[in-house]
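Right, one structure below, let's go through it.
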Amino acid sequence: MNSNPIPKSYDSRATEERWVHFWEEHDFFVADNRSPAPSFCIVMPPPNITGSLHMGHALTTTLQDVVVRWKRMHGFNTLWVPGTDHAGIATQNVIERRLAEQGIHRKDLGREKFEQIVWEWKEKAEKTIHHQIRKMGFGCDWTRVAFTMEPRMSRAVREVFVRLYEEGLIYRGEYMVNWCPRCTTAISDLEAQHEPEQGRLYYLRYPLRDFAGEIVVATTRPETMLGDTAVAVHPDDDRYRDLVGKTAILPLLGRELPVIGDSFVQKEFGTGAVKITPAHDPNDYQAGLRHKLPFVQVIDELGMMTPQAGPYAGLSRAQAREKVLEDLSRQGFLVRQEPHSLSVARCQRCSTAVEPLVSTQWFVKIAALAEPAIQAVESGRIRFVPSNYEKVYFEWMRNIHDWCISRQLWWGHRIPAWYCRQCGQMQVCRTDPALCSRCGAGQLQQDPDVLDTWFSSALWPFSTLGWPEPTRDLEVFYPNSVMMTGFDIIFFWVARMIMMGLHFVGDVPFRTVFLNGLVRTEQKQKMSKSKGNAVDPLEIVEQYGTDAVRFTLSVMAGSGTDIVFSTDRVIGYRAFANKIWNAVRFVLLNLPAGASAVESEEMEALASKGLLTVVNRWVLHRLNVTVGEVNETLEKFRFDEACNALYHFFWHELCDWYLELSKPVLNQRSGADVEQTVKTLIYVLDMSLRALHPVMPFITEDLWQRLPHRGVSLAVARYPVARPAFHNADAESELSRIIDFVTAIRTVRSENNLDPGRRLPLEVMASQDDAGCVERYLGPILALARLSGIRTVEALQEDRTHLRGFSGIGQFALISEEGSDAGAEAERLRKDIARLQQELERQAKKLSSPEFLQKAPAAVVESARERRADLAGKLDKAAAELRRLDGA
RNA sequence: AGGUGCGUAGCUCAGGGGGAGAGCACUUCCUUGACACGGAAGGGGUCAGCGGUUCAAAUCCGCUCGCACCUACCA
């Protein structure tokens, strides 16, 4: 597919789109529900159709793709369901704002026309999101794409609603709810976000009737005094005990207020006396119910003062506060005011201060659903990763409140309840009824409210698979394998999916919940469009390539912590992509004509028959270790560790050492060593590309297709696994000696500022074994250390132009004309010696302790001995070297 | 007010009872036939503080300080 000469560097823009098409044309991502292979299923958390993908989506979806691709390559029958969410309140907000720009209110259009506009918006937004998902290389099953408000999903929603209603788990009633006066809808507790704010505490004087004195109350919302219907004190409060049962007079309006005793009052706060506004405060609401107080609503659903507010009617809440304070102050009822910090509940979507209001709403009785959902996690049937989120989950679930599910919106699933205009009968049913079930009249009106968006999202793991139909998909892919999403929606979504899944499908919706952190800016701030600090992932992708972005997000996805996004990191991993590109390019340029792919079995056979050079065995061993690590860490969702292992192997072992070591071999042009090295190169690169593919799908596919390979696509190639035949501890230790030796020589060159290019002769004082080792690797060592030759000697000569160094192999001298800077070298040696001595003392001290020898494990003692010997040897050599220099 | 988590190199973070790690940044040198999106060699840390357990603590326990987030009806 790629016969063109390979360019000098990787160009993501010229590569990516082609492979998206290629994968989709071949249906690699379409799940087969008849496959005998074990299944692996993830449903994608559906992005809201409010806009486009942000960095948070890019993160969580990248991680999902990594897992799904990895599982697919391991032979699982993988299903990854994509989709989008209608996001009721959020989308309605977006549309309303756009209409407002043209001076239009949705009420000017009417419900039908408004819905039509939103549907048009949905089509566009969905298209954008689907395009972005493809651009990121996410391999999901487009034949199963879903939208929360499409007919299939709506049917599931209605089924769930009706069943819960029939089971008595959904009820309708008049309660105090969080109300957003801008969105003009009820919202759930979770959607009311509490923010600390600096306000004031106002002390108001309420006279007692019959000139019996006064009582001073403290409030942060003076405007609500207009709705006061009582004053409460703690029954045990000596200051006020006598006042209980008396009557106070509400300033400004003159309403009579009973003074009641209620233990919810905190004696220490304010004056210990509190005004009671049952219609506008959750606490007072409860108090109002307990004491059967009148409910006077002074604020309406638009946040304006009602006629009940008397002269203040028609003012906004803020205006009313100002005017009330002014009047109270003028009439001497405002005793004092002081700064006070309080938390104000605001609408999650529009930031308007929430107004607690009493209204008729629908609720889910949640306790019965929560119990099995708690047990599912307690028993380990669902596992959270990272596991500490289980505590968070339990904490919330054990203190859960009923869920207000009705919204006074136009965009969402309409509540399937109908009211008879004749007799008032309400019926809740699966299909739209024509006649009243009681009086038979035909004039039915459907409840105007819609359901909370999360009500439908809660069904996602099974509604997308066809529930309530008993589909094959449901049978094969439920429970889903993993739910991967941001930790911020653990209550909104994860908890509710667990409750619904258990209740309606009879099993957990997924076995594992993986929660990722938030993506933050380089200044550690939350990314948000309103702050204008959001980084558009697609822009970064455009600039640096999808693979670089995906690798960055994956490698930074540590264990549950937030991710601080940095473009520098992306640039760094773009360099990694380029490194991969060039490694393959090097091999391609050195490949003999007609070279073919190498199977694992062939490579294993060569390895176990001892037909490979130690260098080749070494790289296979390192590959093998890496592959084992990657599989292990991905199993634990440790994307950071998996990526680091891959990065380190590819760059610092494969490129830095193996490719360099193979160059002198390849330069021989022909022979058995050349042949096996070519095979090893092809094999190791093939496997490396496979291993990297889940994280960097584009570049790996492109390069794999250029290399000799078998199979249609890397996307469906087998993921490498650790193979015992490749394990080789001897090669590992031998190569590490060679690497140390070469590094030591390079250090001497570098420290003496020798021309890195010039080839110099070297003399080494090595044991017979070590000399043999050096002999075996002569070619590579000469090449890597830029030597003209190596001579093994009994003793090193005393010569100022002989630059000394040492490694595990032995002491050596690099022979140059220039000679060394003896002073500088002595200084370095002293530093070395100091460090070695310190370390040696530590080991010696440890080994001189009888308790250590007695109580520490034998292996630890042994390694301490080895370390002491090693340190002592190095110290001797360094000391000898220093004596020589000082003597000279 | 409760809960959870975190303080490790200049920055971002991993590690988690027995030799302080990575990436980026930094310093010096180098356009050597894959790659300057590169190569080689370096510098840099009382692992927040104090106390305890242990033969051994960055790691376990307690306290203190600092930071972050979540939950909650404090007028």
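To the nearest 0.05, what FRET efficiency results for A:E256 and A:D447 with a Förster distance of 30 Å applied to their C-beta separation?
Approximately 0.15, to the nearest 0.05.
Given the peptides A:295-302, A:364-371, arrange them by the average over their residues of other C-beta atoms within 10 Å, most packed first.
Those peptides, ordered most packed to least, come out A:295-302, A:364-371.
Between A:S379, A:A548, A:G110, whose Cα lies farthest towards the positive end of the dipole of chain A when Lys and Arg beta carbons carry +1 and Asp and Glu beta carbons carry -1, centred on the Cα centre?
Projecting each Cα onto the dipole axis, the largest value belongs to A:G110.
Give the calculated FRET efficiency between A:V392 and A:R511 to the nearest 0.05, with a Förster radius of 22 Å applied to their Cβ-Cβ distance.
Calculated transfer efficiency: 0.70.
What is the extension gain from A:A575 to A:V344, computed as 0.36 nm multiplied by their sequence separation minus the C-alpha to C-alpha distance, in nm to one decimal? Intermediate values should be presented prior to the final figure.
Numbers: separation 231, 0.36 × 231 = 83.16 nm, distance 4.77 nm.
Stretched fully, the A:A575-A:V344 segment lengthens by 78.4 nm.
Sketch the reach of a paramagnetic label on A:K663 as a point 7 Å from Cα along Cα-to-Cβ, and name the residues of segment A:592-618 whose backbone nitrogen lies under 20 Å away.
A:592, A:614-618
For a 24 Å ceiling on Cα separation, which of these pairs sit above it: A:K609/A:K679; A:K579/A:K679; A:K246/A:K292; A:K275/A:K323?
Result: no pair exceeds 24 Å.
Nearest 5 is fine: what % of DSSP beta bridges in chain A come out antiparallel, could you say?
In chain A, DSSP labels about 70 percent of beta bridges as antiparallel.
Starting from the Cα of A:H194, step 7 Å toward the Cβ, then list every residue of segment A:399-441 with an amide N under 17 Å from that point.
A:399-402
Compute the signed sum of charges (Lys and Arg +1, Asp and Glu -1) over the other residues within less than 15 Å, Cβ to Cβ, of A:D640.
Net local charge, A:D640 excluded: -1.
Quick one: if you take sqrt(5λ) for each eigenvalue of the C-alpha gyration tensor of chain A, what semi-axes come out, biggest first, whole angstrom?
70, 37, 24
Multiply the residue gap between A:L435 and A:E862 by 0.36 nm, knock off their C-alpha separation, and tell me the result in nm, one decimal place. Display every interim value, and only then the final one.
Working: separation 427, 0.36 × 427 = 153.72 nm, distance 8.81 nm.
Working it through step by step, the gained length comes to 144.9 nm.
Return the sequence-ordered ³J(HN,Hα) values of segment A:339-348 in whole Hz as given by the Karplus equation 6.51 cos²θ - 1.76 cosθ + 1.60 applied to θ = phi - 60°, using x for Gly and Pro.
Karplus-based 3J(HN,Hα) across segment A:339-348 equals x, 8, 9, 9, 10, 10, 7, 10, 5, 4 Hz.
Taking the simple approach of a point 7 Å from Cα along Cα-to-Cβ for both A:R414 and A:S351, what is their distance in nm?
3.5 nm
Using a basic spin-label model with each label point 7 Å from the Cα along Cα→Cβ, how many nm lie between A:D568 and A:E794?
With each label placed 7 Å out from Cα toward Cβ, I get 5.6 nm.
Along the positive direction of the dipole of segment A:484-531 (beta-carbon charges: Lys, Arg +1; Asp, Glu -1; about the Cα centre), which of A:W493, A:G517, A:F504 reaches farthest?
Checking the options against the dipole of segment A:484-531, the answer is A:G517.
Place a point 7 Å from Cα of A:E378 in the direction of its Cβ. Which residues in segment A:388-406 have their backbone N less than 16 Å from it?
A:390-400
Determine ³J(HN,Hα), in whole Hz, for all residues of segment A:840-854 in sequence, where each value follows from phi through the Karplus function 6.51 cos²θ - 1.76 cosθ + 1.60 and θ = phi - 60°; x replaces Gly and Pro.
Each residue of segment A:840-854 in turn: 5, 4, 4, 5, 5, 4, 4, 6, 8, 8, x, 5, 4, 4, 7 Hz.
Would you report the distance distribution of C-alpha pairs in segment A:655-804 as whole percents per 5 angstrom bin, up to the bin with the largest distance?
2, 7, 14, 16, 16, 13, 11, 9, 6, 4, 2, 1, 0
Give me the one-decimal Kirkwood hydrodynamic radius in Å for segment A:305-359, with the sum taken over alpha-carbon pairs.
13.5 Å is the Kirkwood radius here.
Between the alpha-carbon centers of segment A:200-226 and segment A:717-753, tell me the distance in whole angstrom.
Comparing the Cα centres of segment A:200-226 and segment A:717-753, I get a distance of 81 Å.
Distance between Cα centroids, segment A:174-197 to segment A:597-625: provide it in whole Å.
65 Å
Multiplying the sequence separation of A:E123 and A:H648 by 0.36 nm and subtracting their Cα-Cα distance, what value in nm do you get?
Details: separation 525, 0.36 × 525 = 189.00 nm, distance 4.42 nm.
Length gained between A:E123 and A:H648: 184.6 nm.
Using a 7 Å offset from the Cα along the Cα-to-Cβ direction at both A:R98 and A:V721, what is the distance between the two label points in nm, to one decimal?
5.1 nm
I need the calculated FRET efficiency for the pair A:A368 and A:K636, taking r as the beta carbon distance and R₀ as 45 Å, to the nearest 0.05.
Computed FRET efficiency for A:A368 and A:K636: 0.85.
Just need the Rg to Rh number for segment A:783-876, please, alpha carbons only, Kirkwood Rh.
Across segment A:783-876, the Cα-based Rg/Rh ratio is 1.12.
Report, by chain and number, residues whose modeled amide H sits under 5 Å from the one on A:Q811, excluding near sequence neighbours (fewer than 5 apart, same chain).
Residues meeting the criterion, in which the H sits 1.01 Å from N, are A:M765.
What ranking do A:454-460, A:612-618 get when scored by the average of other Cβ atoms within 10 Å per residue, highest first?
Sorting A:454-460, A:612-618 by mean packing, highest first, produces A:454-460, A:612-618.
Calculate, axis by axis, the spread of Cα positions in segment A:254-362 along the three principal axes, and write the results as whole Å, longest axis first.
Between the extreme Cα coordinates on each principal axis of segment A:254-362 lie 37, 36, 30 Å.
Could you give the dipole magnitude of chain A about its Cα centre, charging the beta-carbon of Lys and Arg +1 and that of Asp and Glu -1, in debye to the nearest 20?
Around 720 debye, computed over chain A.
Since every read-out is calculated from the coordinates, none of them should be taken as a lab result. Computed from a prediction, not measured in an experiment: that's the story for all the values here. All Cβ positions, glycine included, derive from the backbone under ideal geometry; neighbour counts span all protein chains shown.
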